[in-house]
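Participant: I'd like to ask some things about the structure below.
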Amino acid sequence: MNDINKKRTGNLISIQDSLVKARFFDDVIMGETAEIAVDGKFLQAEVLQILPDPKNADAGIVEMQVFEDLTGAKIGDEVVFKGTPLSVLLGPGLLTSVWDGLQNPLYKLSEEDAYLKPGMNAPALDEEALWDFTPSAKVGDTVTGGDVIGSVPEGKVDHKILVPFSFGPCKVESIIEKSSVNITQQVAVVVDELGNKRELKLAFRQPVKSPIPFRERSIPKHPISTGTRVIDLLAPVGYGGTVGNPGPFGAGKTVLQHSLCKYAVADIIIMAACGERAGEAVEVFKEFAELEDPTTGESLMKRMCIFGNTSSMPVAAREASVFIALTVGEYYRYQGKKVVLLADSTSRWAQALRERSGRQGDIPGPEAFPMDIPDQIKGMYQRAGEDLGTKGSLTFIGTVSPAGGNFQEPVTQATMDSTGGFWGLSQDRADAKKYPAIDPLVYTTSVYDGFVTWKDRQKMLSTLNEANDIDQTISTIGLKKVPVSNYVQFQKGLTIDFCVMQQDAFDKVDACTRPERLEVINRAVQNLIDSDISFEADGMDDEQLKETIKHKFDELRQWWKDWNYSATTEEQLAQLPNAIDKFILQEEYAV
């Protein structure tokens, strides 16, 4: 076999959008990266398939997907094979960064040119920044891949410096004392079992399609406080859990993402904007940089990183961006951090796979997606999880954008089969200006013990279902045919929907509901559900009585909505259960 360290080249023989073929004479490795020389620029590509050359027994044909725009490429252009798989640079400096789908720093590139051009690249992490390294390993220690040799402070995060995961058992031959170093400087030297010396730096590269292993994987069971009531009450997600969040365009997915980024109780937030329209991606970059972290009062970006890959970029980079974001999340999970990854949108990620599969001539599955799309989606979500060995977790929330809000299409169905939670957004609720537009009647969760008991959640859901059925009856046969007792149940459901399931994302108090406040709300809700509220007719006919019932519930809903905006102290929180008690007894309470 030829030495893969020598320069190995080939030449383009076919160009089909982002899919190209090249003839080569040396050895080529499946999955390795390559660079295509186009007008003095070097475009990154990945080997997908290696085939025999029918015209030359001494040569082979390699099929590659190119991550950058191929404008200007022509038959005969040189291809240089790099011998390494698609990888991401892991180390201090990941937080606060905004990259494209290949981990090129967008802000750094925009300093050189306002318009990003193919072939532009810059170091993924700042090579000049100094980090205060404190060693924890000693000379003579035996270390292996994933072991900690020291740490540096990264904002408020204690960033552990790890031995690259590909390393086997090694002995520490030397390690520097506490000092300030950059990511290019050597901090330690280790010797493997064959006597080979290998240097360690603050950063190292990790293949993105090879999951970073767990030390001790656990079933997610500890719920995350997201601050969103409909989620925390009815569809909680656990640390290390997975959620599919499908919804039609304009249903409020972006606002919900903002809320999750701000209020989800996590150490690290990663945003993978894969395939969003350019205008929406720019809004994400601009708005997230201005968001304030409510827990620290500092910029939210200090515990975030963003991978931006718009729909105008090549589809191959769209696919790569999700794997790179997942690998960064796994890296921080291995450091014991609680990480939340939001991918928007996995539909466009799947469309990238569909386009590539079509160009390769693969047999199409439903709606022309690859036959193995369910397995690929499942494999992506399986990389999330909680690690008892490191005390870290990676929670994966994937936004799905089905055309026309059709939840029966293949990507949504595969997501439902692959995730432990399902937050379905309703077009009708979005049109009615209900936020969040998560339909409380269309959800799933794998977290049994959430912030409220399973029994309480079922009672809430049952009341909402009954109210929905009665609403359908009213629309069909009219209000007169509905018994008063059913109408009271209908009003209970409306009250829970209006006052609990809906929030104001732009109000400082109502935007986030923490567990202690949630407990007060749940106590009031359960009391309202369980109580048999009777209204005195006082000579009124059935229609007048129903109008009175509606008026009294309207007053309660208005009072409760005002409470949502204003109650902050323990005394103010206690007003809600008291108000519900008085409402049930039909006593006067402050409105």
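The values are calculated or read from the model by the stated rules, or taken from the named source; none is laboratory data. Everything quoted here is computed from the prediction, not taken from an experiment. Backbone-built Cβ (ideal geometry, glycine too); neighbour counts: all protein chains shown. Note: accessible area is taken over every heavy atom of the protein model, side chains too, but ligands, DNA and RNA are not part of it. Shrake-Rupley method; radii C 1.70, N 1.55, O 1.52, S 1.80 Å.
Participant: Order 488-497, 44-53 from most to least packed using the mean count of other Cβ atoms within 10 Å.
Facilitator: Numbers: 488-497: 20.9, 44-53: 17.0.
Descending mean neighbour count gives 488-497, 44-53.
Participant: Residue separation times 0.36 nm, minus the C-alpha to C-alpha distance between residue 459 and residue 25: what's the value? Can you show the working numbers first?
Facilitator: Working: separation 434, 0.36 × 434 = 156.24 nm, distance 6.87 nm.
Full-extension gain reported as 149.4 nm.
Participant: With r as the distance between the Cβ atoms of residue 535 and residue 466 and R0 = 22 Å, compute the FRET efficiency 1/(1 + (r/R0)^6) and round to 0.05.
Facilitator: Working: r = 18 Å, r/R0 = 0.83.
Efficiency, from the Cβ-Cβ distance: 0.75.
Participant: Dipole of the chain (Lys/Arg Cβ +1, Asp/Glu Cβ -1, origin at the Cα centre): which of 250, 101, 11 lies farthest to the positive side?
Facilitator: 11
Participant: Thinking of the chain as a set of Cα atoms, what percent of all their pairs are more than 47 Å apart? Before the final figure, lay out the partial values.
Facilitator: On the way: 41699 of 174345 pairs.
Of all Cα-Cα distances in the chain, 24 percent exceed 47 Å.
Participant: Turning to a different aspect of this structure: Could you provide, to the nearest whole Å², the per residue accessible area of the chain with probe 1.4 Å? Write out the running numbers ahead of the final one.
Facilitator: Numbers: 25910 Å² over 591 residues.
Ligands and nucleic acids excluded, the figure is 44 Å² per residue.
Participant: With axes computed from alpha carbons, what is the tilt in degrees of helix 542-566 against the longest principal axis of the chain, rounded to the nearest 10 within 0 to 90?
Facilitator: Helix 542-566 sits at roughly 50 degrees to that axis.
Participant: Listed here are the pairs 7/302; 253/508; 6/209; 546/582; which of them are more than 30 Å apart at the Cα? Numbers along the way, then the final one.
Facilitator: Details: 7/302 41 Å; 253/508 20 Å; 6/209 25 Å; 546/582 20 Å.
Beyond 30 Å between Cα atoms: 7/302.
Participant: Return a whole-number percent for the relative contact order of the chain, with Cα pairs under 8 Å and 6 or more residues apart as the contact set. Don't jump to the answer; show the numbers that get you there.
Facilitator: On the way: 1234 pairs, mean separation 73.1, N = 591.
This gives 12 percent for the chain.
Participant: Still on this structure: Against the longest principal axis of the chain, how steep is helix 315-334, in degrees 0 to 90 to the nearest 10, with axes from Cα atoms?
Facilitator: Helix 315-334 sits roughly 80 degrees off the main axis of the chain.
Participant: To continue, here is another question. Rounded, prolate or oblate for segment 96-244? Axes are the square roots of the Cα gyration tensor eigenvalues, ordered a ≥ b ≥ c, and the cut-off for rounded is a/c under 1.5.
Facilitator: Working: a/c = 1.99, a/b = 1.23, b/c = 1.62.
Because a/c hits 1.5 or more and a/b fails to exceed b/c, segment 96-244 counts as oblate.
Participant: Report the rotationally averaged projected area of segment 323-453 based on its alpha-carbon convex hull, in square nanometres. Don't skip to the end; give the middle numbers.
Facilitator: Working: hull surface 38.5 nm².
Spelled out: convex hull of the Cα atoms, projected over all directions, averaged, 9.6 nm².
Participant: Please state the charge dipole magnitude for segment 431-513, taken about the Cα centre, from unit charges on C-beta atoms (+1 on K and R, -1 on D and E), reported in debye and rounded to the nearest 20.
Facilitator: Numbers: 9 positive and 11 negative charges, 55 e Å.
Result for segment 431-513 is approximately 260 debye, rounded to the nearest 20.
Participant: Order the peptides 25-37, 261-273, 239-251 from the highest to the lowest mean number of other Cβ atoms within 10 Å of their residues.
Facilitator: Numbers: 25-37: 17.5, 261-273: 22.8, 239-251: 24.5.
Order by mean packing, descending: 239-251, 261-273, 25-37.
Participant: Taking +1 at the Cβ of each Lys and Arg and -1 at the Cβ of each Asp and Glu, which of 524, 509, 57 sits farthest along the dipole of the chain towards its positive end, judged by Cα position relative to the Cα centre?
Facilitator: 57
Participant: Sorted by average packing, counted as other Cβ atoms within 10 angstrom per residue and highest first, what order do 568-579, 217-228 take? Display every interim value, and only then the final one.
Facilitator: Numbers: 568-579: 13.8, 217-228: 19.3.
Per-residue mean Cβ counts within 10 Å order the peptides as 217-228, 568-579.
Participant: Might you report the magnitude of the Cβ-based charge dipole of the chain about its Cα centre, with Lys and Arg at +1 and Asp and Glu at -1, to the nearest 20 debye?
Facilitator: Values: 61 positive and 85 negative charges, 235 e Å.
For the chain, the charge dipole is close to 1120 debye.
Participant: At 1.4 Å probe size, with the rest of the protein present, what percent of the exposed accessible area of the chain is carbon and sulfur atoms? The partial results should precede the final answer.
Facilitator: Details: 13000 of 25910 Å².
Its accessible area is 50 percent carbon and sulfur atoms.
Participant: Another question, if that's okay. Quick check: the angle from helix 484-496's long axis to the longest principal axis of the chain, C-alpha only, nearest 10 degrees?
Facilitator: 40
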